[in-house]
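So the structure is just underneath, and the comments pick up after that.
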Amino acid sequence: MCRSKHHIFSAIRRGRFTPEENAAILEIRDGKTQLEVVARKLGRPAAQVYTQLHGQLSPVSNRDRFTDADDVGITRLHASYLESYGQVSWKLIAHEIGRTAMATRSRWTEFLDPSLKKGPWTAEEDAAIIAHTGRSSDLARKLSRGSQAVRNRAKSLERLAKRTGAK
């Protein structure tokens with residue numbers, strides 16, 4: 001008897017974790033077997049439970065806004081790793097400042113990198129954004145801007161065009 005893909009995956013819980021689920025996840029202490037047991041009990045994939053345990057529920061990860069001290073630490077450690085090893089280890093930098101590697105790298109690439117332009121947008125940049133159809137990260141590299149800044153500017157230009165009736 002063949003089951004459809006939809007039927008098989010319909011039993012998997014999706015959405016935010018409840019406080020009760022978080023309490024069950026925090027009881028995990030002995031590795032994969034317990035993680036898989038808790039995942040089965042909650043009706044969630046083990047990978048999702050693992051991500052919740054080591055991300056949202058991790059005591060090491062700071063969920064607050066980045067502070068000036070965090071920014072100084074990231075900048076100092078970035079320069080230190082480049083000078084010492086010729087490459088950057090976001091995992092090690094993140095560990096030192098108490099953040100996740102993904103958040104630390106994102107903070108650098110979107111805001112702290114000194115090669116990023118931070119001034120007003122030029123008409124040429126606006127024209128390039130309007131004409132661009134690919135990934136914003138590719139255009140961001142060409143414009144020396146953060147990809148989030150390019151996405152925000154594109155949405156801003158879109159709203160402006162709607163208001164003025166231009167296409």
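Which ones in the stretch 121-149 are closer than 23 Å to ARG107 by Cβ and outside any helix (DSSP H, G or I)?
Once the filter is applied, which keeps residues that are closer than 23 Å to ARG107 by Cβ and outside any helix (DSSP H, G or I), the stretch 121-149 yields TRP121, ARG135, SER144, ARG145, GLY146.
In this structure, does ALA127 turn out to be of a type in the set (A, V, I, L, M, F, W, C) and either over 21 Å from the mean Cα position of the chain (by Cα) or surrounded by fewer than 17 Cβ atoms within 10 Å (Cβ to Cβ) (or both)?
Yes: the conditions hold for ALA127.
So which pairs qualify, if the first residue must be in the stretch 143-167 and over 23 Å from LEU112 (Cα atoms), the second must be in a helix (DSSP H, G or I), the Cβ gap must be under 7 Å, and the two must be at least 6 apart or on different chains?
LEU157/ASP126; LEU157/ILE129; LEU157/ILE130; LYS167/ALA161
Does the stretch 23-43 hold any residues that are under 16 Å from GLY55 (Cα atoms) and either modelled with pLDDT of 80 or more or touching a strand residue (DSSP E or B) at 6+ places or on another chain (Cβ under 9 Å) (or both), and which are they?
Matches in the stretch 23-43: ALA23, ALA24, ILE25, LEU26, GLU27, LEU35, ALA39.
Taking the stretch 150-160, which residues are open to solvent by 40 Å² or more (accessible area, probe 1.4 Å) and within 19 Å of THR109 (Cα to Cα)?
ARG151, ASN152, ARG153
Tell me yes or no: at least one residue of the stretch 133-141 is touching a residue at least 12 places away in the same chain (Cβ under 8 Å) and either touching a Gly at 6+ places or on another chain (Cβ under 8 Å) or among the β-branched types (Val, Ile, Thr) (or both).
No, the stretch 133-141 contains no residue that is touching a residue at least 12 places away in the same chain (Cβ under 8 Å) and either touching a Gly at 6+ places or on another chain (Cβ under 8 Å) or among the β-branched types (Val, Ile, Thr) (or both).
Here is a list of conditions, (1) over 30 Å from GLU20 (Cα atoms); (2) crowded, with 16+ Cβ neighbours inside 10 Å; (3) not polar (S, T, N, Q), and TYR50 meets all of them except one; can you say which number that is?
So the condition that TYR50 fails would be (1).
Of the numbered conditions (1) open to solvent by 60 Å² or more (accessible area, probe 1.4 Å); (2) free of Cβ contacts under 8 Å to residues at least 12 places away in the same chain; (3) within 28 Å of LEU57 (Cα to Cα), PHE111 fails exactly one; give the number of that condition.
(2) is the only condition that PHE111 fails.
Name the single residue, out of those in the stretch 60-108 being more than 23 Å from SER144 (Cβ to Cβ) and of a type in the set (Val, Ile, Thr), that is modelled with the highest pLDDT.
THR67
Just to be sure, is LYS118 part of a loop (DSSP other than H, G, I, E, B) and loosely packed, with under 13 Cβ neighbours inside 10 Å? Working first, answer last.
Details: part of a loop (DSSP other than H, G, I, E, B): yes; loosely packed, with under 13 Cβ neighbours inside 10 Å: yes.
Considered against the rule, which asks whether it is part of a loop (DSSP other than H, G, I, E, B) and loosely packed, with under 13 Cβ neighbours inside 10 Å, LYS118 comes out as yes.
Residue by residue through the stretch 58-102, note down the ones that are in a helix (DSSP H, G or I), of a type in the set (Ser, Thr, Tyr) and open to solvent by less than 100 Å² (accessible area, probe 1.4 Å).
Residues satisfying the conditions are THR75, SER80, TYR81, SER84.
The values are calculated or read from the model by the stated rules, or taken from the named source; none is laboratory data. Quick caveat: nothing in here was measured; it's all calculated off a predicted structure. Cβ atoms come from the backbone with ideal geometry, glycine included; neighbour counts cover every protein chain shown. Surface areas here come from the heavy atoms of the whole protein model, side chains and all, with no ligands, DNA or RNA. Shrake-Rupley method; radii C 1.70, N 1.55, O 1.52, S 1.80 Å.
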